[in-house]
Amino acid sequence: MIKQRLKKYLAHIRSFAERRTVVWVLRAYAVIFPFVLFLVMEGMNPTSQAGLMAAPFSNLGLIFVSALFIAVAAWVIFSVAGSVFWSYAAVAIILAVGYAVNNIKLLVTGQVFVPTDVLVVREALMMTDGGGITIERTLILRLFIVGLLHLPLIYVKFRPKLKRRIFALPAAAVVFVFMFASRFSVNTVMPALGINPTGSMTVLYRDTGFILGFHAALADHTMCSLWDVEGHMQSLGFFDDLILVERGTPQPSEEPIRPNVIIIMSESFIDPTVIYNLEFSADPISNFRRLSEDHISGNVVVPVYGGGTANTELEFLTGSSIFFFGSAYYIPYTLTDRYFYRDITTAMPWVFRENGYRTVAVHPFTRYFFNRYRVYPRLGFDEYIGREDMIDPIYRGWYVSDESFTDQIIDQILLAEEADESLFLFGISMQAHWQFWDDVYIDFEQGVTAASPYLTNAELETLNPFLQGMYDADKQLGRLIEFVESRDTPTIVAFFGDHLPILGLHADPILARLGFISDQRVWMWDEEDKQKMFQTPYLVWSNFAPTDEDWGTISTYFLGANILRHSGVNLNRYWHYILRLSEEFGALTENHYVDIHGAFYSVHNVRMLPHIQAMEGLHRAKWFGAGAFMEHLSEIIQ
């Protein structure tokens, strides 16, 4: 009975849809459907509610081009499928996946979904382990509405013969490539719309919408590929020449000491006491604070927040700013064949190797994470110790403890002493990594806790495991310094955080609730918020060198350059020039520019500054190898 009624009901609808007037209305609906689909979909992009969708009538050009993208993509599919409904449905499904992933990533990390995120799916799944993924009801409702809006398209009567569709396919493909996948798009379409793909991706998605934001990020990334290919085409021997220029001629050092240099990039390390409206049962970083009083310390400006450790690491080890890779959300380590198909001989480990050091990397997580097992040899490490190489490591919480991590460092120091070698060691800890569930340290004694009238018990149960991670990292720092002080070997120990943590499941509600930042939504942060959220503390301790230097607030690449200088090793021309640049400004990220006095400014228009142009030329010559930059490189490195 129900089946018969349903058939009868559908027959009435079909009969109604075949009326002449209705046919033309449905065809008109199919024509405007790209606009309808875009506007509904864009409701799933949280950032654009404060940008593009906040003033749609002021952004009609952006909306039109986004709708054109949908229309041309559907045209390509229609040329094969011959169905208006299925053509739009296919495009809608692809967009729905993109919008949904962008929505989820924004809520969890505060960062937008960009093209190269598909390269780190494995890493993302390993970190979340099935948790921390939040799907809002409004997202599901939007997807349901999109499905309903497609239903009238079932009755659109427009099905040209196969020959005509096949003839139209190349035309559709040419239009799509011309508009959205060519130099015309990069050089004409995007500039005409006021799109700058080299700035903040979060701001870009906010102001242009997800479709054009994603497209601009992909186009910017593609242009990097074009530079790389162009470099190969112009000069097959270019890289050999560049390596010679990069290495330069080492000059005899006035300081004969070759100290051990131990670098620790501590996972999510910050000074919790700078957060407002918290009371602590103990000082979470008492050793760091004590050591900072008599040694070099300050704040390092990092390129990422909440994740992307490999980007901070790359800046420090190579002296390159992630800003010039196109976006802070691109992780060059995942593009190994593009950036690391040759030895990066300017990298810090190579400098130490050329000065007679043994170079070791330690990271108590899988060797395959972010392709480090492939990248590290190219950066100049003699040995890489990953989790797989550690014998019965102690776990504290879900990851290898900072205690076992420090054990590895101490073992390497002892091995170097036995072999009468100077040691350069770069280590990345893992214990304090997100996520901070209340049961992380359930089997361990809590060394520090916090209280606040502004937080719920559930939020404190998230905050306290993070504080314990800081407490343990600080404890092991004190232990390492105590060990080094007991030895006669001259040693430098540098310790800094890779980025701030994500405290909670929705970006940072805890920090916003405490008043440390103005809004938990990253895309709503003002300049003061960005200053706070992209800085971590650093300490440079030594048992032999003067300690009255003040390096101030600097970027990770300038931190690396100054540590090299501080160690007294012979530098190549590349690092000499990076040190020269450090006399011009403090830091450059996609979020802000820091001048030589430590003042923060918006990143807009800084590319016009001569020293930034010089650094960009140096970067492109180094990573993309375009022959046009060789002359520029020889001009700026004297």
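The values are calculated or read from the model by the stated rules, or taken from the named source; none is laboratory data. Source: prediction; values computed, not measured. Backbone-built Cβ (ideal geometry, glycine too); neighbour counts: all protein chains shown. Just so you know, the surface numbers come from the protein's heavy atoms only, side chains and all, with ligands and any DNA or RNA stripped out. Shrake-Rupley method; radii C 1.70, N 1.55, O 1.52, S 1.80 Å.
Residue check: Asp526 meets all listed conditions (1) touching a residue at least 60 places away in the same chain (Cβ under 8 Å); (2) surrounded by fewer than 20 Cβ atoms within 10 Å (Cβ to Cβ); (3) not small (Gly, Ala, Ser) but one, namely (1).
Just the residues that are surrounded by fewer than 16 Cβ atoms within 10 Å (Cβ to Cβ), in contact (Cβ under 8 Å) with a residue 12 or more places away in the chain and either of a type in the set (Lys, Arg) or closer than 14 Å to Val261 by Cα (or both), please, taken from the stretch 411-428.
Looking only at the stretch 411-428, we keep the residues that are surrounded by fewer than 16 Cβ atoms within 10 Å (Cβ to Cβ), and these are 411, 414-415, 417-421.
Now restrict to residues that are in contact (Cβ under 8 Å) with a residue 12 or more places away in the chain: 417, 419, 421.
Within the stretch 411-428, Glu417, Glu421 meet the criteria.
Close contacts from the stretch 275-289, counting a first residue that is closer than 22 Å to Phe496 by Cβ and a second that is part of a strand (DSSP E or B) and of a type outside the set (Gly, Ala, Ser), with Cβ to Cβ under 9 Å and a gap of 6+ residues or different chains, come to Ile285/Pro537; Phe288/Phe495; Phe288/Pro537; Phe288/Leu539.
Taking Glu616, is it of a type outside the set (Ser, Thr, Tyr), over 17 Å from Ser297 (Cβ atoms), touching a residue at least 12 places away in the same chain (Cβ under 8 Å) and open to solvent by 20 Å² or more (accessible area, probe 1.4 Å)?
On the way: of a type outside the set (Ser, Thr, Tyr): yes; over 17 Å from Ser297 (Cβ atoms): yes; touching a residue at least 12 places away in the same chain (Cβ under 8 Å): yes; open to solvent by 20 Å² or more (accessible area, probe 1.4 Å): yes.
Here the answer is yes, as Glu616 does meet what is asked.
Just name the residue that is nearest to Lys532 (Cα to Cα) out of those in the stretch 598-611 that are under 21 Å from the mean Cα position of the chain (by Cα) and not aromatic (Phe, Trp, Tyr). The residue in question is Ser602. For the stretch 564-600, filtering for residues that are of a type outside the set (Gly, Ala, Ser), touching a strand residue (DSSP E or B) at 6+ places or on another chain (Cβ under 8 Å) and assigned to a helix (DSSP H, G or I) leaves 1. When the residues of the stretch 453-497 are filtered to those that are of a type in the set (A, V, I, L, M) and out of contact with any strand residue (DSSP E or B) (no Cβ under 8 Å at 6 or more places or on another chain), the one that is surrounded by the most Cβ atoms within 10 Å (Cβ to Cβ) is Met470. With the checklist (1) modelled with pLDDT of 70 or more; (2) among the basic types (Lys, Arg); (3) part of a helix (DSSP H, G or I) in hand, flag the one item Lys157 doesn't pass. For Lys157, the failing item is (3).
Filtered by the rule that a residue be touching a Ser or Thr at 6+ places or on another chain (Cβ under 9 Å), crowded, with 19+ Cβ neighbours inside 10 Å and either of a type in the set (A, V, I, L, M) or not in a loop (DSSP other than H, G, I, E, B) (or both), the stretch 377-395 gives a lone residue, Leu379.
Gln520 meets all of the listed conditions (1) among the polar types (S, T, N, Q); (2) assigned to a helix (DSSP H, G or I); (3) over 19 Å from Ile262 (Cα atoms) but one, namely (2). Only one of the numbered conditions (1) buried (at least 21 other Cβ atoms within 10 Å of the Cβ); (2) at pLDDT 80 or above is not met by Phe629, and that is (2).
For the stretch 62-94, which positions are farther than 29 Å from Lys161 by Cβ and buried (at least 20 other Cβ atoms within 10 Å of the Cβ)? Once the filter is applied, which keeps residues that are farther than 29 Å from Lys161 by Cβ and buried (at least 20 other Cβ atoms within 10 Å of the Cβ), the stretch 62-94 yields Leu62, Ile63, Val65, Ser66.
Check the stretch 396-404 and report whether any residue there is of a type in the set (A, V, I, L, M), open to solvent by less than 10 Å² (accessible area, probe 1.4 Å) and not in a helix (DSSP H, G or I). Show your work before the answer.
In the first step, residues of the stretch 396-404 are kept if they are of a type in the set (A, V, I, L, M); the result is 400.
Now drop any that are not open to solvent by less than 10 Å² (accessible area, probe 1.4 Å), which leaves 400.
With the extra rule that they be not in a helix (DSSP H, G or I), the set shrinks to 400.
Yes, the conditions are met somewhere in the stretch 396-404.
Could you grab me the full set of residues in the stretch 80-123 that are closer than 30 Å to Gly306 by Cα, outside any helix (DSSP H, G or I) and among the small types (Gly, Ala, Ser)? So that I can check it myself, show each step before the final result.
Keep residues of the stretch 80-123 that are closer than 30 Å to Gly306 by Cα, which gives 93-123.
After this cut, where a residue has to be outside any helix (DSSP H, G or I) as well, the list is 110-114.
The answer is Gly110, and nothing else.
For the stretch 35-61, a residue qualifies if it is of a type in the set (A, V, I, L, M), open to solvent by less than 20 Å² (accessible area, probe 1.4 Å) and assigned to a helix (DSSP H, G or I), and the qualifying residues are Leu37, Met41, Leu52.
Among residues of the stretch 477-493 that are of a type in the set (Ser, Thr, Tyr), those with a Cβ under 6 angstrom from a residue that is assigned to a strand (DSSP E or B) and buried (at least 23 other Cβ atoms within 10 Å of the Cβ), sequence gap 6+ or separate chain, pair up as Thr489/Asn260; Thr491/Asn260. Remark: pairs (first residue in the stretch 498-523, open to solvent by 10 Å² or more (accessible area, probe 1.4 Å) and at pLDDT below 90; second residue of a type in the set (A, V, I, L, M, F, W, C) and assigned to a loop (DSSP other than H, G, I, E, B); Cβ separation under 7 Å; 6+ apart in sequence or on different chains) = Asp519/Trp525; Gln520/Ala507; Arg521/Ala507; Val522/Ala507.
Among helices (runs of 4 or more DSSP H) entirely within the stretch 283-343, having at least 1 residues that are in contact with a His (Cβ under 8 Å, 6 or more places away or on another chain) singles out 309-318.
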